[in-house]
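Below: the structure, in structure tokens.
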Amino acid sequence: MPITPGEQIPPMAPVAPGDDEAYEGYANTSTSLNTAAGSLQFPRGQGAPSLDRAERAAPFLVREQARDGNCLFRSFSDQVYGTPDHHALLRNRCSQYLDLERNYFEQFVAEPFDAFLLRIQREGEWGDDVEIEALSEIFDCSVQIYASHSHTLMRTFHETCDAKWGHPVRLQYEGHSHYNSLAPRSGLIPISRRENHAPGEMEAAALARAKKRHEAGQRRAGAAEADIDESDRQVLDESIRLSRMEFEHKSDTEMDQTLAKSRMEWEKAEQKRMDEEVVNAMLQQSVMEEEQQQLAVAMKESKAATFNQVIEQEQKQMAMAMRESKEMIMQEDYALYGKGVIPAERMPGASSSSANEQDDRGDAGEYQYPESVYGVMSMGFPLEKCIQAYHLVGDNPEGILAYCCQTIGR
């Protein structure tokens, strides 16, 4: 219910930074991410992106207000007092200020001004830019209106005034006369906390100033008094004069059209950005696939080279092992028979190839038995038996094997 003069002003509801309790129940159907300082809101139907991307995309945190017709005054109360609880107080003081300044504001109201005042005093009645202009004059602050879809600035009230407060009041417009409060990421500092004003003090001071202006005959220029001379202008409150020179009344329909146009431009820019991201992603994917193919070929070539190196190394090791084995056999043969070993070419059945091999290696003082000796020895027979058999039957694998078998155990 509206608070009338003489009633006790309720104490300011304490809202500490990061306190979400005062805002329970004010969420709407928009997609949002709750954070300590408020909720981060996104266009409906688009879903909530990751928090990192959302923080890059949105410059403010949205402190959502109930959709009960009091959203404008709730949002202003949140900006002034840090809580929407004083919306009825602001509605009442705003209507009183408009009544005092009706000579100026009635030119922007289509209905009879008294009926307009009675209507806006009722709980749940929507406010528009006339009320925003009046509130900006009451608190002597700049008011910025941002679009909901992109947080781009749509309008500014009381812009060129020498405002007392270093930071503007920031409101978000969603369309259909709904407003929310916006908080900077560094945290919202309510206007009342800057000089420790209790609820109603600043409003009462603004009303007192307006009354004094009327008592002194300093009435505002209305639609019928647009030709007021310069001498009278000099006595007007400079801050309000500058603000009203810039004020342009826009209906809810015009605001919604402006919002829709801004949304279309934003969607085009977003679509262009997304298309560029898709193209960049495709290029990156193509580069990655090409790099993977080159890596696969390099790995295949590396494996083949490694395999060939392993095979070559194993062959070298096998050849070295065979040479060492043959040298060991030769040493054992020399130890058993000395230099009196019968040359292969003098043995019955000895092959000419063995004799040739003996001739080739005789100069070096070494002797190499034929493969038949080593082959039978690999079957498990002693080297001495194989050599004896070789001296008896020559380079004959069957004969050497038969001899070794017959003389087992001797």
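Bear in mind that the values in this text are calculations on the coordinates, not laboratory data. All of these numbers come straight from a predicted model, not from anything done at the bench. FYI the Cβ positions are ideal-geometry reconstructions off the backbone, even for glycines, and counts take in every protein chain you see.
Exactly which GluC sites (Glu not before Pro) in the range 129-198 are in a DSSP loop and have at most 10 other Cβ atoms within 10 Å?
Details: sites: E131, E133, E137, E159, E174, E195; in loops: E159, E195.
Answer by residue number: E195.
Order these by the 10 Å Cβ neighbour count, fewest first: L283, L392, L188.
L283, L392, L188
Could you give the nm distance between label points at R323 and R273, where each point is 7 Å from its Cα heading toward the beta carbon?
Taking the two extended label points, one gets 7.4 nm.
Once the piece of chain linking Q294 and A402 is laid out straight, how much longer is it, given 0.36 nm per residue of separation minus the C-alpha distance between them?
Going from the current span to full extension adds 32.7 nm.
Hey, got a sec? Which trypsin sites (Lys or Arg not before Pro) in the range 167-220 land in a DSSP loop and have at most 14 other Cβ atoms within 10 Å?
R185
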